[in-house]
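Working notes, structure below.
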Amino acid sequence: MWRLARDSGLDVNSPYAYVLWCRDFAATSLAARDGSGALRGFVTGYVRPEALDTYFLWQVAVDPECRGRRLARRMLDRVGSRIAARGIRYLEATVTPDNTASRALFASFARDRGADLTWTPLFTRAHFPADGPGPHEPEDLVRIGPLH
């Protein structure tokens, strides 16, 4: 997962964080493998402890070789069906303003589910360390729901 996140251009967590994620949040995450068993994509997320009707999608990663095959959308649909079946009514994620692909993904997911979609600013550049690996873009919160 760490390599796939890196190769996909995502903010990369430590390898240890991904191992813990697989242990502690396996029920709310998803891995996509090809016929040989190679990891081609993943979705990580969790139910917010302070809002038990809300799923927070942490990362969506797709192997660069698999782009253009709607893998991200199929994974999101699978996660959406899983969480809706558990009675979770909302999906949230953060997206940088310039990430048009993710914005389009969430917009199409909301539209096809007949759910409302709202965007609000959540984190500004000031929320991120100035001495990090580079400046971090702001993150807007997308909220989709209620899910059916």
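The values are calculated or read from the model by the stated rules, or taken from the named source; none is laboratory data. The structure displayed is predicted, hence computed values, not measured ones. Cβ atoms come from the backbone with ideal geometry, glycine included; neighbour counts cover every protein chain shown.
Structure summary
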item	result
Strands (runs of 3 or more DSSP E) wholly inside region 45-148 containing at least 2 residues that are at pLDDT 95 or above, of a type outside the set (Asp, Glu) and more than 29 Å from Asp34 (Cα to Cα)	51-62, 116-123, 139-145
Filter result for Leu117 (surrounded by 17 or more Cβ atoms within 10 Å (Cβ to Cβ), in contact with a helix residue (DSSP H, G or I) (Cβ under 7 Å, 6 or more places away or on another chain) and without any contact (Cβ under 8 Å) to a residue 40 or more places away in the chain)	yes
Identity of the residue in region 72-81, surrounded by fewer than 19 Cβ atoms within 10 Å (Cβ to Cβ) and under 13 Å from the mean Cα position of the chain (by Cα), that ends up nearest to Ala27 (Cα to Cα)	Arg78
Residue that is nearest to the chain's Cα centre (by Cα) [pool: residues in region 27-48 that are more than 23 Å from Ser102 (Cβ to Cβ) and of a type in the set (A, V, I, L, M, F, W, C)]	Ala27
Any hit, region 36-50, residues being over 18 Å from Phe106 (Cα atoms), without any contact (Cβ under 8 Å) to a residue 12 or more places away in the chain and not small (Gly, Ala, Ser)	yes
Some residue of region 25-39 being among the hydroxyl-bearing types (Ser, Thr, Tyr) and in contact with a Lys or Arg (Cβ under 9 Å, 6 or more places away or on another chain)	yes
Some residue of region 70-83 being touching a residue at least 40 places away in the same chain (Cβ under 8 Å) and β-branched (Val, Ile, Thr)	yes
Residues of region 103-114 satisfying the condition of being surrounded by fewer than 17 Cβ atoms within 10 Å (Cβ to Cβ) and either in contact with a helix residue (DSSP H, G or I) (Cβ under 9 Å, 6 or more places away or on another chain) or of a type in the set (D, E, K, R) (or both)	Ser108, Arg111, Asp112
Scope region 83-99; condition surrounded by fewer than 16 Cβ atoms within 10 Å (Cβ to Cβ) and of a type in the set (Ser, Thr, Tyr); matching residues	Thr96
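Here is a yes/no grid of residues against (1) over 19 Å from Leu52 (Cβ atoms); (2) among the charged types (D, E, K, R); (3) within 13 Å of the chain's Cα centre (by Cα):
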site: Ile83; (1), (2), (3): no, no, no
site: Ala101; (1), (2), (3): yes, no, yes
site: Phe109; (1), (2), (3): yes, no, yes
site: Arg113; (1), (2), (3): yes, yes, no
site: Phe128; (1), (2), (3): yes, no, no
site: Glu137; (1), (2), (3): yes, yes, no
